[in-house]
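The values are calculated or read from the model by the stated rules, or taken from the named source; none is laboratory data. Bear in mind the structure is a predicted one, so any value in this text is a computation, not a measurement. Here Cβ is always computed from backbone atoms with ideal geometry, including for glycine, and neighbour counts include all displayed protein chains. Protein only, heavy atoms only, side chains kept; ligands, DNA and RNA dropped before computing areas. Shrake-Rupley method; radii C 1.70, N 1.55, O 1.52, S 1.80 Å.
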Amino acid sequence: MSESKPAGTTHFGYQEVPVAEKARRVGAVFSSVARNYDIMNDLMSMGVHRIWKRFTIDLADVRSGETVLDLAGGTGDLARDFAGKVGPDGLVLLSDINAEMLQEGRRRLDDEGIVQHLDYVQANAECLPFEDASLDCVTMAFGLRNVTDKDAALRSIYRCLKPGGRLLVLEFSKPLNPTFSRVYDAYSFSVLPLLGRVVARDEASYRYLAESIRKHPDQSTLKGMMENAGFARTQVYNLTGGVVAVHRGYRL
């Protein structure tokens, strides 16, 4: 079920803010956390985020010659792997709405010598600047929950995919076990802000990230949203007891 909210507003964590203001606030969060993003991911997930991303990469099944968009790609964990798979006839587009995150991703990949078959695009997921039916695969890891209009983003992605193309959304979701869910809540609202304060000197941003997870649609709701946008053969893969889930759908 979608949540009711005052007209013209949307959620920013647990706050209600004007729709036009959310993108600015989210941008400020990720501008703040960009430099510490990777180390914080390792600390917050105890390294398990790397396993979640590896599962998503394997599920994407990227092949030589394909054009792949890593949307909200952050520091390039998925794009790095895809760049080695698409070959000389393929292309990986690393994209993020936030300039600081995109610059951090480019700096990191350049430092690792990953420069071939790769390009960078600052873009809003709600209105992607790509031609219709131009992409073979789109991935979005831990980015959809920060989008103001998720339905518009799913429709935009669908428009850009070729027939037979696929979307994979890796995102925090709803734990399946009620007892584990309570433990997870306690961890999220005590440990995450503490780590943010001690490591990144930014408790508020990490409290927002914890709140944004709780406001994100659960597994079945997101599956329905993808199907409403046109995606078919939509599947949900729960990881770590539903703490995160991968949704995969196809444009047929």
Meets criteria (open to solvent by 60 Å² or more (accessible area, probe 1.4 Å), assigned to a helix (DSSP H, G or I) and of a type in the set (A, V, I, L, M)) for Leu194: yes
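Go through the stretch 79-120 and give me each residue that's part of a strand (DSSP E or B), out of contact with any Lys or Arg (no Cβ under 6 Å at 6 or more places or on another chain) and either of a type in the set (D, E, K, R) or open to solvent by 30 Å² or more (accessible area, probe 1.4 Å) (or both). Give the derivation first.
Narrowing the stretch 79-120 to residues part of a strand (DSSP E or B): 91-96, 118-120.
Now restrict to residues that are out of contact with any Lys or Arg (no Cβ under 6 Å at 6 or more places or on another chain): 91-96, 118-119.
Within the stretch 79-120, Leu91, Asp96, Asp119 meet the criteria.
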Write out, first by first residue and then by second, each pair whose Cβ atoms fall under 6 Å of each other, whose residues are 6+ apart or on separate chains, and whose first residue, in the stretch 156-169, is more than 10 Å from Phe130 (Cβ to Cβ) and touching a residue at least 60 places away in the same chain (Cβ under 8 Å) while the second is among the aromatic types (Phe, Trp, Tyr) and in a strand (DSSP E or B). Arg166/Tyr250
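Tell me, which residue of the stretch 130-165 that is of a type in the set (Phe, Trp, Tyr) and either in contact with a Cys (Cβ under 6 Å, 6 or more places away or on another chain) or closer than 19 Å to Ala232 by Cβ (or both) is most open to solvent (accessible area, probe 1.4 Å)?
Looking only at the stretch 130-165, we keep the residues that are of a type in the set (Phe, Trp, Tyr), and these are 130, 142, 158.
Keeping just the survivors that are either in contact with a Cys (Cβ under 6 Å, 6 or more places away or on another chain) or closer than 19 Å to Ala232 by Cβ (or both) gives 130, 158.
Working: Phe130: 32, Tyr158: 53 Å².
Residue satisfying both the conditions and the ranking: Tyr158.
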Could you please find all residues in the stretch 199-252 being closer than 24 Å to Asn177 by Cα, modelled with pLDDT of 95 or more and of a type in the set (Lys, Arg)? Lys223, Arg248
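Mind listing whichever residues of the stretch 119-135 are in contact with a helix residue (DSSP H, G or I) (Cβ under 7 Å, 6 or more places away or on another chain) and farther than 20 Å from Lys162 by Cβ?
At the first step, the residues of the stretch 119-135 found to be in contact with a helix residue (DSSP H, G or I) (Cβ under 7 Å, 6 or more places away or on another chain) are 120, 122, 125-128, 130, 132, 134-135.
Selection gives Tyr120, Gln122, Glu126.
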Unmet requirement for Cys137, which otherwise passes all of (1) within 17 Å of the chain's Cα centre (by Cα); (2) modelled with pLDDT under 95: (2)
Mind checking whether some residue in the stretch 56-71 is assigned to a helix (DSSP H, G or I), open to solvent by 10 Å² or more (accessible area, probe 1.4 Å) and farther than 19 Å from Asp136 by Cβ? no
